[in-house]
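Okay, so here's the structure we're looking at.
The values are calculated or read from the model by the stated rules, or taken from the named source; none is laboratory data. Since the structure is predicted, the reported quantities are computational estimates derived from the model, not experimental observations. As a convention, Cβ positions derive from the backbone with ideal geometry for all residues, glycine included, and neighbour counts pool all protein chains shown. Just the protein is used for accessible areas: all its heavy atoms, side chains included, with ligands, DNA and RNA removed. Shrake-Rupley method; radii C 1.70, N 1.55, O 1.52, S 1.80 Å.
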Amino acid sequence: MKGCEGCREHFKDVPRSEQQVKNLINRLNRISGQIAGIKKMVEENRYCGEVLVQVSAVESAVRAFGYLVLEDHMNTCVSEKIRAGDENIVRETVELIKKLN
């Protein structure tokens, strides 16, 4: 599926494999579980330091997830657009990398 011209909704030209989707969804589910755990810790009035350790773990997990998506983006979308002569893709990719940090 491709996105429409002029809108912000876009789709990959090369879809992710079933295994890639499964792995990404599993990671997101683990992250959701970690966030639910933090919520429970807050509800239980747990020690701030313990909560912050879990917040750090979630941040790390989200960052790792983002790097996996970035790697896929570089290997598929970016390389395809470079081969097609799209000169804007490098600038777009640099901006995406900046947003991950």
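Some points to look at:
- Some residue of segment 63-74 being β-branched (Val, Ile, Thr), touching a helix residue (DSSP H, G or I) at 6+ places or on another chain (Cβ under 6 Å) and either within 21 Å of GLN34 (Cβ to Cβ) or assigned to a helix (DSSP H, G or I) (or both): no
Residues checked against (1) part of a helix (DSSP H, G or I); (2) of a type in the set (Val, Ile, Thr); (3) open to solvent by 50 Å² or more (accessible area, probe 1.4 Å); (4) touching a helix residue (DSSP H, G or I) at 6+ places or on another chain (Cβ under 7 Å):
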{"site": "SER56", "(1), (2), (3), (4)": "yes, no, yes, no"}
{"site": "VAL78", "(1), (2), (3), (4)": "yes, yes, no, yes"}
{"site": "LYS81", "(1), (2), (3), (4)": "yes, no, yes, yes"}
{"site": "ASP86", "(1), (2), (3), (4)": "no, no, yes, no"}
